[in-house]
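Q: Quick one: structure below, then a few questions.
The values are calculated or read from the model by the stated rules, or taken from the named source; none is laboratory data. Computed from a predicted model, the values in this text were never measured in an experiment. When we count neighbours, we look across all protein chains shown, and the Cβ atoms used for this are built from the backbone with ideal geometry, even at glycine. Quick note on the areas: whole protein, heavy atoms, side chains included, nothing else; ligands and nucleic acids left out. Shrake-Rupley method; radii C 1.70, N 1.55, O 1.52, S 1.80 Å.
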Amino acid sequence: MKKLLLLLALPLLSQAQTTPDAIKEKAAKIHEKALTIDTHADVPINMMKEGFDVSVEHDYAKDGSQIDFPRMKKGGMDGMFFAVYLGQGKRSPEANAEAKKKALAIFDKIHEAVKLHPEMAGIATTPKDAYRLQKEGKRAVFIGMENGWPVNNDLANLKLYYDLGLRYITLSHSANNDIADSSTDPDGPEWNGLSPFGEQVVKEMNRLGMMVDISHVSDSTFYDVIKLTKVPVIASHSSCRALCDVPRNMTDDMIKTLAKNGGVIQINFVPGFVKKPSMQQELSMKAIRLKLRQTDLSPEDKKALFEEMKANAKKYESDMPTIQDAVNHIEHVIKLTSVDHVGIGMDLDGGGKVIGLDDVSDIGVITEELVRRGYSAKDIEKIWGGNIMRVLAAVEKGKSI
């Protein structure tokens, strides 16, 4: 009789374990334990604006900002790669020198913020740093460079930036540069992949122990990098072209090739890379993204831009991707390869946003969705930070200085 009652109770027990409250509770425990790393954060764009303090909690609903140290802590985000970003400009000796100057100013701002608030954060360059800072209850600030323009045709600059804490470079951005072709240059390819100088850049990054980032680059550039690199490479903020057919995303073959290389694709949460937008929505989003990246906006300009963003989001609300859509990209990579080759690079403060996740304090919903889909704590720990830390360690180990 006892056995019969137990058998009858099993479905009820199983149902209880999958209730929304049970999923939230399980996810919260996993989330707290996991090392959570996001590989692409555009918060330096805000940090370079007068009056923005990364140590103070801001309100997304009021100013549109998505990252600061208090909200990272609130969301359980242990570490992020702060992006030294420069949109591609004119390629002349004068413009290149100015790009290097601006990049160094961003490095200075990141280091200054951490130095001013040692109780909140620390600079991280290795997996050991990340795990140590997590134990100390501090945010790990890694540094990545979005667009290799500031390399300035001089390999010596790679060592300079490495010594300042740089641990990856996105070779190009939205236009071709002296290193490589971009996936979105309106004039098409210039080098048909890596330039001769770009080949030297990849080799030197391998030597230094700096990760090569193939987000933004053209397909031919990606395959050139794969042929040349001696260590795993990353896509710091890219999604899957099979689910959203845009050039910025990676094809299934590219993702499988990246996995064979031992690398990892970090899923981007920019709406237009998660779910294909309508032409009109894409044009509106592109215009807003360009305005967002300006560093000389007045308070009035900022307010007007934020109101424009809210109006645009409301207008195209039915087209906006959800957290489920974003996690579909994570799951697509897992089905193509394994759980060892995917992570998260949301592109917050650079356009990353899906319904259900407004800012960095909301990231627990990602873990909840993964739990809801049946992923184990071990799997989730790999997705959130384990995979990218494995690659960083492998690249560091592969260096020969």
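Q: Identify, please: which residue in the stretch 205-222 is without any contact (Cβ under 8 Å) to a residue 60 or more places away in the chain and either more than 23 Å from the chain's Cα centre (by Cα) or assigned to a strand (DSSP E or B) (or both) and is, among those, surrounded by the fewest Cβ atoms within 10 Å (Cβ to Cβ)? I'd like the intermediate steps shown before the answer.
A: Filtering the stretch 205-222 down to residues without any contact (Cβ under 8 Å) to a residue 60 or more places away in the chain leaves 205, 212, 214, 217-222.
Okay, now just the ones that are also either more than 23 Å from the chain's Cα centre (by Cα) or assigned to a strand (DSSP E or B) (or both), so 212, 217.
Numbers: 212: 25, 217: 31.
Residue satisfying both the conditions and the ranking: 212.
Q: Within the stretch 166-181, does at least one residue satisfy the condition of being without any contact (Cβ under 8 Å) to a residue 12 or more places away in the chain and either under 20 Å from residue 227 (Cβ atoms) or part of a helix (DSSP H, G or I) (or both)?
A: Scanning the stretch 166-181, I find no residue that is without any contact (Cβ under 8 Å) to a residue 12 or more places away in the chain and either under 20 Å from residue 227 (Cβ atoms) or part of a helix (DSSP H, G or I) (or both), so the answer is no.
Q: While we're looking at this one, here's another question. Which ones in the stretch 268-307 are touching a strand residue (DSSP E or B) at 6+ places or on another chain (Cβ under 8 Å) and modelled with pLDDT of 80 or more?
A: Selection gives 268, 269, 271, 274.
Q: Within the stretch 105-156, count every residue that is without any contact (Cβ under 8 Å) to a residue 24 or more places away in the chain, in a helix (DSSP H, G or I) and either of a type in the set (A, V, I, L, M, F, W, C) or surrounded by 20 or more Cβ atoms within 10 Å (Cβ to Cβ) (or both).
A: 1
Q: Please verify whether the stretch 262-283 includes one or more residues that are of a type in the set (A, V, I, L, M) and surrounded by fewer than 16 Cβ atoms within 10 Å (Cβ to Cβ).
A: yes
Q: If you scan the stretch 242-261, which residues turn out to be within 16 Å of residue 335 (Cα to Cα), open to solvent by 10 Å² or more (accessible area, probe 1.4 Å) and either among the small types (Gly, Ala, Ser) or not in a helix (DSSP H, G or I) (or both)?
A: Of everything in the stretch 242-261, those that are within 16 Å of residue 335 (Cα to Cα), open to solvent by 10 Å² or more (accessible area, probe 1.4 Å) and either among the small types (Gly, Ala, Ser) or not in a helix (DSSP H, G or I) (or both) turn out to be 242, 243, 251, 259.
Q: Read through the list (1) of a type in the set (Ser, Thr, Tyr); (2) in contact with a Lys or Arg (Cβ under 6 Å, 6 or more places away or on another chain); (3) crowded, with 18+ Cβ neighbours inside 10 Å, then give the number of the only condition that residue 195 fails.
A: For residue 195, the exception is condition (2).
Q: Which number in (1) touching an Asp or Glu at 6+ places or on another chain (Cβ under 7 Å); (2) open to solvent by 10 Å² or more (accessible area, probe 1.4 Å); (3) among the polar types (S, T, N, Q) marks the one condition that residue 298 misses?
A: If we test residue 298 against (1) touching an Asp or Glu at 6+ places or on another chain (Cβ under 7 Å); (2) open to solvent by 10 Å² or more (accessible area, probe 1.4 Å); (3) among the polar types (S, T, N, Q), just (1) comes out false.
Q: Can you tell me which residue in the stretch 50-71 is most open to solvent (accessible area, probe 1.4 Å), limited to those that are over 19 Å from residue 268 (Cβ atoms) and touching a Lys or Arg at 6+ places or on another chain (Cβ under 8 Å)?
A: Taking the candidates together, the pick is 57.
Q: Quick check on my filter: what residues within the stretch 223-241 are open to solvent by less than 10 Å² (accessible area, probe 1.4 Å), closer than 21 Å to residue 393 by Cα and not polar (S, T, N, Q)?
A: Answer for the stretch 223-241, where residues must be open to solvent by less than 10 Å² (accessible area, probe 1.4 Å), closer than 21 Å to residue 393 by Cα and not polar (S, T, N, Q): 225, 233, 234, 235, 237.
Q: Among the residues in the stretch 71-90, are any part of a helix (DSSP H, G or I), touching a residue at least 60 places away in the same chain (Cβ under 8 Å) and in contact with a Phe, Trp or Tyr (Cβ under 9 Å, 6 or more places away or on another chain)? Give the derivation first.
A: Step one: list which residues in the stretch 71-90 are part of a helix (DSSP H, G or I), which gives 71-75.
Within this subset, residues satisfying the condition of being touching a residue at least 60 places away in the same chain (Cβ under 8 Å) are 71-75.
Now narrow it down to the ones that are in contact with a Phe, Trp or Tyr (Cβ under 9 Å, 6 or more places away or on another chain): 71.
Scanning the stretch 71-90 turns up at least one residue that is part of a helix (DSSP H, G or I), touching a residue at least 60 places away in the same chain (Cβ under 8 Å) and in contact with a Phe, Trp or Tyr (Cβ under 9 Å, 6 or more places away or on another chain).
Q: Go through the stretch 157-180 and give me each residue that's surrounded by fewer than 23 Cβ atoms within 10 Å (Cβ to Cβ) and more than 15 Å from residue 84 (Cβ to Cβ).
A: Matches in the stretch 157-180: 159, 174, 175, 178.
Q: Which of (1) under 14 Å from residue 60 (Cβ atoms); (2) open to solvent by 30 Å² or more (accessible area, probe 1.4 Å) does residue 351 not meet, given it meets every other one?
A: Failed condition: (2).
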